[in-house]
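The values are calculated or read from the model by the stated rules, or taken from the named source; none is laboratory data. No experiment lies behind these values; they were computed from the predicted model shown. Note that each Cβ is placed from the backbone with ideal geometry, even for glycine, and that neighbours are counted across all protein chains shown. With ligands, DNA and RNA removed, areas are computed over all heavy atoms of the protein, side chains included. Shrake-Rupley method; radii C 1.70, N 1.55, O 1.52, S 1.80 Å.
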Amino acid sequence: MTGHVSRRMLLKGASLSAISIMLSPAFARVGPVRDARIERLIAAMTLEEKAGQLSIFSDPSRVDGPPVNPGLVAQSMATVQREIAAGRMTGLYNGIGVAAGRELQRVAVEQGPHRIPLIFAGDVIHGMKTTFPVPLGEAASFDPELARRTARAAAVEASAKGIQWVFAPMVDVARDQRWGRVVEGAGEDTWLGCQFAAARVRGFQGDDLTAEDSVLACPKHFAGYGAVMGGMDYNTADIPETTLRETHLPPFKAAFDVGALSTMASFNDIAGVPSTGNHHLLTDILRGEMGFAGLVVSDYTADAEMIAHGFAADGPDAVVKALNAGCDISMQSGLYNAHLPALVRSGRIAMKTVDTAVRRVLRVKQALGLFDNPYRSLDLAREARDVRLPAAIALAREAAVKSVVLLKNDGDLLPLSTTAKIALIGPCVSDKGDMPGPWASFPDFASCVTPEAGFRAAMGPTARLEIARGCDYEAPLAGGIARAVAAAKAADVIVLVIGESARMSGEAQARVEITIPAPQQALAEALAATGRPMVVLLRHGRALALSGAVRNAPAILATWFLGSETGHAMADIVFGAAAPQGRLPVSFPQASGQEPFFYDHRTTGRPQLGADPAWKARYREVTTEALYPFGHGLSYATARYSGTTVSAPILAGDGAITVSALVSNTGKRRLHEVAQLYVHDKVASLTQPVRVLKGISHLDLDPGQRARVAFTLTRADLAFVHPDARRFAEPGAFDVWVAPSSVAGIPVSIVLD
Ligand code: GLC
């Protein structure tokens with residue numbers, strides 16, 4: 001715990017938010033709760049200037065590459081400078097480039113009414129110029145430390161390009177794969193989501209938030225966005241508060257607990273209340289219960305969107321509702337600038353409310369060191385030196401390799417020989433433009449490694465490699481299938497790279513059918529008909545519902561969107577230079593119609609157990625089992641689990657028990673295994689999921705080697721959220737597994753007394 005909360009403060013009734021500020025690690029370095037400099041600024045600022053400190057805008061004038069939001073009419077630099085000089089902007093986002101940033105910062109600190117520095121933000125979701133696997137793919141590594149490392153590398157590049165605040169990590173728990181934004185998070189599981197949320201924040205913010213290469217993190221989108229109905233983006237999330245607290249809030253708490261000082265309110269409403277105007281969410285829960293001490297920024301024009309929601313009557317009403325709810329900064333709409341002064345003068349908003357929001361924003365800028373060093377992360381030398389560093393490129397390849405999940409490998413078809421004659425087929429195999437994947441806001445396309453380039457590099461100058469697109473991502477190609485079939489017939493083996501394009505995944509890309517696009521499925525069917533052995537490499541930003549020749553291929557790899565080093569990582573895995581070690585962070589269903597579909601579901605009163613399907617909780621057409629379950633992943637060796645034991649059959653009081661199992665490598669190659677700890681509360685006052693992940697452990701075993709992997713379980717691990725919002729465990733019987741996936745293994749029983 002950092003900072004000192006004096007008894008006097010408590011007795012004097014210091015507000016909870018003030019106390020949480022003191023206790024927040026990231027604020028520890030910025031002195032007392034009521035900083036004299038900030039208070040002097042607040043006292044001196046006009047209402048117009050306060051509104052400006054609460055308004056952030058997309059930066060059309062500072063781009064190095066295509067503007068992230070081309071829909072915005074590019075304002076002239078003169079306009080932007082005028083707005084800054086008038087104190088009407090607290091910062092800018094999604095523009096990059098140090099020279100222009102320095103010029104805008106100069107205007108702010110030399111001409112601005114109170115010399116308050118700007119903050120420069122950006123959507124750095126999985127890397128900057130060096131792009132890492134999309135966050136969902138990286139989550140498949142089941143390696144939070146890897147995520148910390150890639151976030152750290154992204155922070156170095158982002159801060160070298162003039163960014164001080166990243167609108168990341170996205171920590172929404174996604175329960176419906178039809179939702180396009182599954183790609184941005186850590187998948188369907190809360191516990192795994194907590195590990196990756198904390199790791200990514202630690203990576204972005206580093207050990208010192210004032211350091212030149214640290215950036216402010218912004219875990220988003222608060223909250224419940226991953227529960228949008230039907231997986232349709234921006235839709236209502238109709239979830240009980242127990243579910244909100246049990247499933248969706250913990251990754252935010254994990255992020256705040258390691259010092260994240262900003263969060264972004266989500267577009268969705270929860271049961272009719274848009275997050276941007278939800279006081280219970282943004283103040284009672286976020287600040288009162290979770291002790292969040294940082295600032296809340298709206299999502300893109302989300303305050304204005306409360307009018308479309310039918311929650312605000314007009315712009316002024318939207319400002320009243322957003323600011324009173326606890327939304328400190330308005331993104332892009334300009335509503336706070338337009339209406340806040342008049343609303344305060346008319347008494348519809350209290351000055352205290354505005355001052356609280358301004359204080360939060362100024363304290364965060366202070367925590368970043370911007371008052372003392374407004375040109376931090378605006379360093380021309382760093383911009384020339386710290387981007388596309390060899391270490392970052394090597395890390396991108398390592399992360400990509402560790403993100404690949406081997407779903408199936410019948411007959412040990414993989415790994416292939418680099419001397420084999422290969423037909424490498426698919427719409428993306430030579431397409432640099434699609435390599436970074438969705439939400440790669442500032443990629444360096446030219447340096448991206450395509451599957452073709454990766455395979456050629458691995459196979460060398462004597463490569464016997466035939467390339468064919470076969471079709472486009474969502475449309476046939478004239479003669480494409482015929483050329484692909486000809487290449488396949490001339491080859492020993494087909495490697496088919498198919499799935500979603502970067503444009504089919506991400507924001508506003510909800511899909512009703514999470515299948516392989518029809519033209520690509522047709523290509524797969526034609527290639528399978530040649531009878532040549534076929535390896536399928538899936539590219540995707542969500543779980544997919546596989547069918548036909550794709551589903552029946554002897555070898556299938558889930559490769560997500562792997563980023564800059566896609567081609568090298570694919571080749572490393574396909575030719576065995578590296579063995580696959582990824583595990584699924586999302587369940588692959590039998591069919592799209594099963595969504596929302598996730599492993600930690602409740603049993604219902606009629607679980608589909610055994611063969612008899614009659615009168616059970618299931619669909620007519622498919623079984624309830626996942627095609628490939630959460631936590632699943634094969635390697636080029638084989639693991640056997642045995643001898644699961646517990647150190648004691650009863651978990652008493654505040655004690656702990658150890659759960660362990662023997663893991664053996666029964667294969668012929670080195671094994672990297674991810675053992676998983678699951679629990680199930682067999683009887684409780686609220687029905688509990690059939691399994692819940694509570695731990696993971698990585699182990700490397702040589703052929704024939706075995707090792708005992710052990711986990712510690714405590715009462716806290718067995719707790720769940722009750723209707724009164726309290727989290728505690730109920731005595732009773734639990735099943736516990738140490739297993740290679742969410743459906744494997746034989747449980748042992750324990751009793752919580
Ligand atoms: C987008 C996204 C959000 C992003 C913001 C700024 O609409 O919802 O995640 O950070 O706008 O680009």
| Ignoring ligands, DNA and RNA, how do Leu41, Leu701, Leu609 rank by accessible area with a 1.4 Å probe, largest first? | Leu609, Leu41, Leu701
| query | Taking the Cα-to-Cβ direction at Ala617 and at Met351 and moving 7 Å from each Cα, how far apart do the two end points lie in nm? | reply | 5.7 nm
| Helix-only CD estimate at 222 nm, as mean residue ellipticity for the chain, using -39500 (n - 2.57) per DSSP H run (n ≥ 4) | -8000 deg cm²/dmol
| Which percentage, to the nearest 5, of the DSSP beta bridges contained in region 91-240 is antiparallel? | 10 percent
| said: Please report the carbon-and-sulfur percent of the accessible area for region 69-215; probe 1.4 Å, protein heavy atoms only, DNA, RNA and ligands left out. | reply: 49 percent
| said: Between His722 and Asp372, what is the label-point separation in nm under the 7 Å Cα-to-beta-carbon projection? | reply: 4.7 nm
| query | With every protein chain present, what accessible area does Arg102 have (1.4 Å probe, heavy atoms only), rounded to the nearest 10 Å²? | reply | 90 Å²
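Does region 639-752 classify as rounded, prolate or oblate by the C-alpha gyration tensor (a ≥ b ≥ c root eigenvalues; a/c under 1.5 gives rounded; else a/b over b/c gives prolate, otherwise oblate)?
On the way: a/c = 2.67, a/b = 2.19, b/c = 1.22.
In terms of gyration-tensor shape, prolate.
So, with a 1.4 angstrom probe, what is the percent of accessible area on region 384-576 that is carbon and sulfur? Present the calculation step by step, with values, prior to reporting the outcome.
Numbers: 3500 of 6310 Å².
So the carbon and sulfur contribution to the accessible surface is 55 percent.
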| request: Quote the accessible area belonging to His248 in square angstrom, nearest 10, computed with a 1.4 Å probe and with ligands, DNA and RNA left uncounted. | output: 10 Å²
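Rounded, prolate or oblate for region 464-595? Axes are the square roots of the Cα gyration tensor eigenvalues, ordered a ≥ b ≥ c, and the cut-off for rounded is a/c under 1.5. Don't jump to the answer; show the numbers that get you there.
On the way: a/c = 1.57, a/b = 1.20, b/c = 1.31.
Oblate.
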| request: Could you state the angle between the C-alpha long axis of helix 335-345 and the longest principal axis of the C-alpha atoms of the chain, as a value from 0 to 90 degrees rounded to the nearest 10? | output: 40 degrees
| query | So how do Asp702, Asp386 rank on accessible area, 1.4 Å probe, biggest first, that is with the largest at the start? | reply | Asp702, Asp386
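Cα gyration tensor of region 384-576, axes a ≥ b ≥ c as square roots of the eigenvalues: rounded (a/c below 1.5), prolate (a/b > b/c) or oblate?
Oblate, because a/c is 1.5 or more while a/b does not exceed b/c.
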| query | Once the Cα atoms of helix 315-325 and of the chain are each reduced to a long axis, what angle between those two axes, in degrees from 0 to 90 to the nearest 10, is obtained? | reply | 80 degrees
| task | Would you mind working out the accessible area per residue for the chain, using a 1.4 Å probe, and quoting it in Å²? | result | 35 Å²
| field | Percent carbon-and-sulfur accessible area, region 639-752, ignoring ligands, DNA and RNA, probe 1.4 Å | value | 57 percent
| query | Taking amide hydrogens as modeled 1.01 Å from N in the peptide plane, which residues meet the under 5 Å criterion relative to Val429, leaving out close sequence neighbours? | reply | none
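What full-extension length gain, to one decimal in nm, is calculated for His280 and Ala394 as 0.36 nm per residue of separation minus the Cα-Cα distance? Each step should come with its number before you reach the end.
On the way: separation 114, 0.36 × 114 = 41.04 nm, distance 4.51 nm.
Between His280 and Ala394, full extension yields 36.5 nm more.
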| said: Taking the full set of protein chains and a 1.4 angstrom probe, give the accessible area of Arg669 in square angstrom, rounded to the nearest 10. | reply: 80 Å²
| query | What residues qualify as long-range amide H neighbours of Ala729, i.e. H under 5 Å apart, gap of 5 or more or another chain, H built at 1.01 Å from N? | reply | Phe720
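Would you mind telling me the antiparallel percentage of the DSSP bridges in region 384-576, rounded to 5?
Working: 5 of 24 bridges.
Roughly 20 percent of the DSSP beta bridges within region 384-576 come out antiparallel.
For Ser61, Ser417, what's the largest-to-smallest order of accessible area, 1.4 Å probe?
Values: Ser61 35, Ser417 55 Å².
From most accessible down to least: Ser417, Ser61.
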| task | Could you compute the FRET efficiency for Arg606 and Val512, with r as their C-beta to C-beta distance and R0 at 22 Å, rounded to 0.05? | result | 0.20
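Determine, for each peptide in 354-364, 337-347, the mean count of other beta carbons within 10 angstrom over its residues, then list the peptides with the highest first. List each step's numbers first, then the result.
On the way: 354-364: 23.1, 337-347: 17.4.
Those peptides, ordered most packed to least, come out 354-364, 337-347.
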| note | About its Cα centre, the chain carries a charge dipole, from +1 on Lys and Arg Cβ atoms and -1 on Asp and Glu Cβ atoms, whose size in debye to the nearest 20 is 880 debye
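Longest segment of the chain with no GluC sites (Glu not before Pro) in a DSSP loop having at most 14 other Cβ atoms within 10 Å?
On the way: sites that count: Glu474, Glu513, Glu621, Glu625.
Result for the longest clean stretch: 1-473.
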| query | Counting DSSP beta bridges in the chain, what percent are antiparallel, to the nearest 5? | reply | 55 percent
